[in-house]
Amino acid sequence: MTSTASTKARNNATVLVAGAGSAGHVSPMLAVARALTERYEGVRVVALGTEVGLEADLVPAAGFELLTIDKVPFPRRPNAAALRFPREFGRGLGDVRRFIRHEDVDAVAGFGGYVCPPAYIAGKHARIPLFIHEANKRPGMANRLGARLGARVMTAFDMSETSGPLAKSEWVGMPMRPEIAHLDREARRAAARESFGLDPDMPTLLVTGGSLGAQRLNEILSSAIVPLEGLGVQILHVTGKGKKIPVSGKHYVQVEYVNGMEDAYAAADFAVTRSGAGTVCEVAAVGLPALFVPLPIGNGEQALNGADMVEAGGARMIKDALLTPELLIETVAECMLDTEVRTRMEHAALALGKRDAAEKVADRIAASIPALATQRPKGGTR
């Protein structure tokens, strides 16, 4: 690590961003980190994570320094892990306190995951501004704690009707990479379809379960490929890493992973997806109509995430257990092949989508730091 004196000689401010585990935490964290460094002179961003989550690869690849602590899940039942928790959590908290002192951190921004509770507590003790971005309609334990500690809360979804510590949050949208946030689907469509080997003129269906894939969506689609092709539909199928399926078709393209979903979104006229928070916000931002099939496990957050877009008319939703190949085909025919319906859905999605969330979160953080508060951010006013 560099010394505090030499760090301050080169930077006006240091922001610690915290997020770990899943892309749902790490991706918005990196989008805000990028916005901070691109919009403000003399700001340094360091990230707090673990050595075992996605952040271990994604943060250094994005060009930011990663400080790590051990992953210490909050115990949900009395067992040996619960007995170890106070000691292990205390050790992580001590590490974060040292990071804040050594790096001379001016503000802490958390995006969810195991590393956020010690970051919020350490930031509170250091009396520096705390910020939270909550990606889901149903907040996690870490961000509920941060809100109770007095952090300023921003959310991906409208939480105005929510009770509890996040009730007074600001709805800013989901921070996302500018390649997606500012995507012009129509202008990029031809090049995107060419990049996947798709016909430039055929109606295009995107089916994806995210980077990890969704086996159930893969299985349902495999039985629907021939009928969909019979309707004049071509299919871009992102199966997920390690989930390649033995099917083929004349107008069917299968890939395990897409490095840069903006091309997949640009190529598509309609999407069939899970309704993770990131996916919901991205398809809204780019105006891509969708059929959401929420993951049936967990706390039901995926159904909540997609509810606003469905209510606005930009998407449909079908429960995982009810989805059949026949229902998939029927929905695609109604929502994608009917140009009037598809256009209405596109407009509804765009009206709900927010494209400037990363900039808004970055600006709120910068405004709390005297050395940055007087700057006019590059690319627009606060």
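Observations on the structure shown:
- Unmet requirement for Leu337, which otherwise passes all of (1) among the aliphatic types (A, V, I, L, M); (2) modelled with pLDDT of 95 or more; (3) within 18 Å of the chain's Cα centre (by Cα); (4) not in a helix (DSSP H, G or I): (3)
- Of all residues in the stretch 29-47, exactly one satisfies the criterion of being closer than 22 Å to Ala277 by Cβ and either surrounded by fewer than 24 Cβ atoms within 10 Å (Cβ to Cβ) or of a type in the set (D, E, K, R) (or both), namely Arg34.
- Residue among Leu205, Leu217 that is within 20 Å of Ala23 (Cβ to Cβ) and under 25 Å from the mean Cα position of the chain (by Cα): Leu217
- Within the stretch 172-199, being assigned to a loop (DSSP other than H, G, I, E, B) and more than 27 Å from Leu30 (Cα to Cα) holds for Gly197, Leu198, Asp199.
- Of all residues in the stretch 344-365, none are part of a helix (DSSP H, G or I), surrounded by 15 or more Cβ atoms within 10 Å (Cβ to Cβ) and free of Cβ contacts under 8 Å to residues at least 24 places away in the same chain.
The values are calculated or read from the model by the stated rules, or taken from the named source; none is laboratory data. These numbers come from a predicted model, not from an experiment. In this analysis, Cβ positions are derived from the backbone assuming ideal geometry, glycine residues included, and neighbour counts consider all displayed protein chains.
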